[in-house]
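These notes concern the structure reproduced below.
The values are calculated or read from the model by the stated rules, or taken from the named source; none is laboratory data. Treat the numbers as computed from the prediction; the structure is a model and nothing was measured. All Cβ positions, even for glycine, are placed from backbone atoms using ideal geometry, and neighbour counts span all protein chains on display. Please note that ligands, DNA and RNA were not included when accessible areas were found on the heavy atoms of the full protein model with its side chains. Shrake-Rupley method; radii C 1.70, N 1.55, O 1.52, S 1.80 Å.
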Amino acid sequence: MPAIAIIGAQWGDEGKGKATDLLGSRVDYVVKFNGGNNAGHTVVIPQPDGTSEKYALHLLPSGILTPGCTPVIGNGVVVDLHVLFEELEALTKRGVDVGRLRISANAHLIADYNRTLDKVTERFLGSRRIGTTGRGIGPTYADKMNRIGIRVQDIFDEKILRQKVEGALDLKGQVLTKIYNRRPPTVDEIVEELLAYADRLAPMVCDTGLLLNQALDRGETVLLEAGQATLLDVDHGTYPFVTSSSATSGGACTGSGIPPTRLSQVIAIVKAYTTRVGEGPFPTELFDDDGEHLRTVGAEFGTTTGRPRRCGWYDAVIARYAARVNGVTDFVLTKLDVLTGLEKVPVCVAYDVDGTRHDEMPVNQSDFHHATPIFEHLDGWAEDISGARTFADLPVNAQRYVEAVEQMSGARISAVGVGPSRDATVVRHELI
Ligand code: GDP
Ligand code: IMO
Ligand code: MG
């Protein structure tokens, strides 16, 4: 059986958590392959008594909520051990069985000095800041590339751990003191903090690449769940206003140890409009009442930092780009219900850059910064669609919106979200 990737097509918060949860019961493994606790996935699970349970996950893969499914933190992830055990404890208290979690021995650890460096660097950058989540993600990936990172396996050998922390602090201690005027932590402080988790962590740690490839050999299904999204990817996103990991389908392979030849499907989650958190270009961004309307109705406030999300109309240029970069086989169009009540729904079909029409992403970032959207205005609908469960249940104009967006976006739209809950989904083509 195949490996399937779920990725975000825009700037994150498209509803990847809900989609992963929806498919969780049909897969054997759910793997987080990139990022760390910068992610925030909200999952709403309907209960037999008609109420619903809401979960906010950051570091853990959303598959942890599905009984019988094995959640895996892959080698491409950066792990904050304090956050890991905090999330595990919170879920255990709510009755979720977290005993199956497996963590790659090669995943990198977020050390305290990297949390500090993330925050002080942002302050130092001032108006040039990225607007990071302040969780130490960027500095930890930088250490990985600089070959001074600390990995999960290092905490099982105190001597090695001490050597590595010393090596890292030789450099980073100087940066903290001399550039940022901060007292760096001592080697002992860092070693002690990390060692404190070793015994609890040990039973979860393994060669997750081997585990997953053996599962595929046995015919089991593996779902690879992205944090962040295509336009936040360090290679393919709006650099430098990106995160520091590979959030696209290529990253699903490098971040899990599953080879590209085993990936049979790439499902992209895309919102029926667009949002972004943090700094950086955003051609369809709205600064008027329409933007406020989308933010209020769509409850567009960050799951991780609580920041209001910037809101704008659907951008088909971005969707086509995501389809190409990721090799998307299916889109899941989420939050269609948020557009209910609008008389006309603008959709960006191309950009105008200094009088020239661009149907694809401009090659130069500065062109993207002042790209003006060229809109097509589709007819809206007034009927409440949150109860729709088949495509035919949707009002004709909502159906037309989905079909028009599908035409423009480079892959079929296989499911449509009409509410936050797991069951508030219209399936057009079975996803797995
Ligand atoms: P992720 O980071 O991609 O997993 O997305 P987030 O969880 O950060 O943000 C998506 C938000 O939209 C969450 O609050 C979800 O509960 C909610 N959501 C997901 N799909 C739908 C949908 O189809 N309609 C509505 N109204 N909300 C949705
Ligand atoms: P999910 O998985 C939206 C953004 C931050 C910032 C930039 C870099 O929930 O979709 P970082 O802390 O990663 O160095 O910040 O990336 N960002 C996200 N935006 N959703 C996310 O995750 C994000 N993770 C990071 O706001 O602009
Ligand atoms: Mg999110």
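At a glance:
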quantity: Elements of type strands (runs of 3 or more DSSP E) contained in region 1-57, each with 3 or more residues being without any contact (Cβ under 8 Å) to a residue 40 or more places away in the chain and more than 10 Å from ligand 1 (Cβ to nearest atom); calculated: none
quantity: When residues of region 322-374 are limited to those that are in contact with a strand residue (DSSP E or B) (Cβ under 7 Å, 6 or more places away or on another chain) and charged (D, E, K, R), the one most open to solvent (accessible area, probe 1.4 Å); calculated: 357
quantity: Verdict on residue 201 being at pLDDT 95 or above and either outside any helix (DSSP H, G or I) or more than 30 Å from residue 62 (Cα to Cα) (or both); calculated: no
quantity: Residue, farthest from residue 79 (Cα to Cα), within region 102-139, restricted to residues that are away from ligand 2 (no atom under 15 Å from the Cβ) and hydroxyl-bearing (Ser, Thr, Tyr); calculated: 113
quantity: From 398, 392, 382, residue being at pLDDT 95 or above and open to solvent by less than 30 Å² (accessible area, probe 1.4 Å); calculated: 398
quantity: Which numbered condition residue 67 misses (of (1) more than 30 Å from residue 190 (Cα to Cα); (2) open to solvent by 50 Å² or more (accessible area, probe 1.4 Å); (3) touching a residue at least 24 places away in the same chain (Cβ under 8 Å); (4) within 16 Å of ligand 1 (Cβ to nearest atom)); calculated: (4)
quantity: Lone qualifier among 349, 426, 405 - being out of contact with any Gly (no Cβ under 7 Å at 6 or more places or on another chain), among the hydrophobic types (A, V, I, L, M, F, W, C) and in a helix (DSSP H, G or I); calculated: 405
quantity: Leading residue by the ranking (surrounded by the most Cβ atoms within 10 Å (Cβ to Cβ)) among those in region 9-60 that are acidic (Asp, Glu) and more than 12 Å from ligand 2 (Cβ to nearest atom); calculated: 21
quantity: Residue that is nearest to residue 59 (Cα to Cα), among those in region 110-164 that are assigned to a helix (DSSP H, G or I) and polar (S, T, N, Q); calculated: 140
